[in-house]
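*Asks:* Okay, here's the structure, questions in a sec.
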Amino acid sequence: MEIPAKPYPYPLPSPHQVALLIIDMQRDFIEPGGFGDALGNEVGRLRSIIPNVQRLLTAFRRYQLPIFQTVEGHQPDLSDCPPSKRDRGHGSLKIGDTGPMGRILVLGEPGNQIIPELAPLPDEVIIPKPGKGAFFNTSLEAHLQEKGITHLLITGVTTEVCVQTTMREANDRGYECLLVEDATESYFPAFKQATLEMVCAQGGIVGWVGTTDDVLSCLD
Ligand code: TIU
């Protein structure tokens, strides 16, 4: 099997070696009053990818293939949040402060929930992550190894921050990654475009870039 992609078709040895990775589609980044908003971003523009992420989620559920969603968040005592991360930025609300959706970027708070449109089913794994990458101080790699996953289809927000960091972490660990270009979004269109170009430049130095339609045409 192959998925049409840049810089060349993405080889998929078996659907049983692939997982869908959905990065941080949580209210903190997508709804007003969360961390993304506190950083001064126009959060509404991230909503455009919801339908494509839903299509991928539906297909993976239909074929009973593994799905992992991550949420960026910290323990209530912020013991896993370096002061450098908490102090960064000029927003009125910092990590751990109380905002309209509860404490900013704290696990379990209302703002830390995945948006209702993509709510995981009870048996689906959610990976809490304290950093931008989904491998740093998380259980993700153990889950992937247990299931024999070698290939990751990566979606979510934001393209140049948590998505790209995760893709680079995965690539260095030997995973074959495809970034789904119309299922990832950034607060900065130019940064998204640059990320799409840089990850698949130099013959796919970090991996592949493809569309939701192309992924689904291969799976269906
Ligand atoms: N600020 C920003 O663009 N992103 C983050 O802080 N986290 C994620 O990308 N999930």
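*Asks:* How high is the relative contact order of the stretch 110-164, given as a whole-number percent (alpha carbon pairs under 8 Å, six or more residues apart)? All intermediate terms of the calculation are to be shown ahead of the outcome.
*Replies:* Values: 29 pairs, mean separation 13.0, N = 55.
Relative contact order for the stretch 110-164 comes out at 24 percent.
*Asks:* I've got another one for you. How large is the convex hull of the Cα atoms of the chain per residue, expressed in Å³ as a whole number?
*Replies:* That works out to 114 Å³ per residue.
*Asks:* Which percent, nearest 5, of DSSP beta bridges in the chain are antiparallel?
*Replies:* On the way: 6 of 31 bridges.
Bridges in the chain that DSSP calls antiparallel: roughly 20 percent.
*Asks:* Fully extended, how many nm does the chain gain between Ile205 and Arg47 (0.36 nm per residue separation, minus their Cα-Cα distance)?
*Replies:* 54.0 nm
*Asks:* Filter the cross-link list Lys6/Lys129; Lys94/Lys192; Lys147/Lys192; Lys94/Lys132; Lys85/Lys132 down to pairs whose alpha-carbon distance in this structure exceeds 22 Å.
*Replies:* Numbers: Lys6/Lys129 29 Å; Lys94/Lys192 25 Å; Lys147/Lys192 31 Å; Lys94/Lys132 16 Å; Lys85/Lys132 10 Å.
Beyond 22 Å between Cα atoms: Lys6/Lys129; Lys94/Lys192; Lys147/Lys192.
*Asks:* Restricting to DSSP loop positions (anything but H, G, I, E, B) with no more than 13 other Cβ atoms inside 10 Å of their own Cβ, which trypsin sites (Lys or Arg not before Pro) remain in the stretch 37-90? Don't jump to the answer; show the numbers that get you there.
*Replies:* Details: sites: Arg45, Arg47, Arg55, Arg61, Arg62, Lys85, Arg86, Arg88; in loops: Arg88.
Passing both the DSSP loop test and the Cβ count: Arg88.
*Asks:* If each residue's Cβ is checked for other Cβ atoms within 10 Å, how do Met25, Met198, Met101 rank with the fewest at the top?
*Replies:* On the way: Met25 25, Met198 13, Met101 20.
Ranked by crowding around the Cβ, least crowded first: Met198, Met101, Met25.
*Asks:* For Leu121, what charge total do you get from the other residues with a beta carbon under 13 Å from its beta carbon, if Lys and Arg give +1 and Asp and Glu give -1? Walk me through the numbers on the way to the answer.
*Replies:* Details: positive: Arg61, Arg62; negative: Asp123, Glu124.
Summing Lys and Arg as +1 and Asp and Glu as -1 gives 0.
*Asks:* List the relative contact order of the stretch 80-220 as a percent without decimals, with contacts defined as Cα pairs under 8 Å and 6+ residues apart.
*Replies:* Working: 169 pairs, mean separation 20.5, N = 141.
Relative contact order of the stretch 80-220: 15 percent.
*Asks:* Moving to a separate point now. Distance between Cα centroids, the stretch 94-130 to the stretch 171-210: provide it in whole Å.
*Replies:* Their Cα centres are 25 Å away from one another.
Only the coordinates and a few stated rules stand behind these numbers; no lab work does. What you see is a predicted model; the values in this text were computed from it and never measured. Here Cβ is always computed from backbone atoms with ideal geometry, including for glycine, and neighbour counts include all displayed protein chains.
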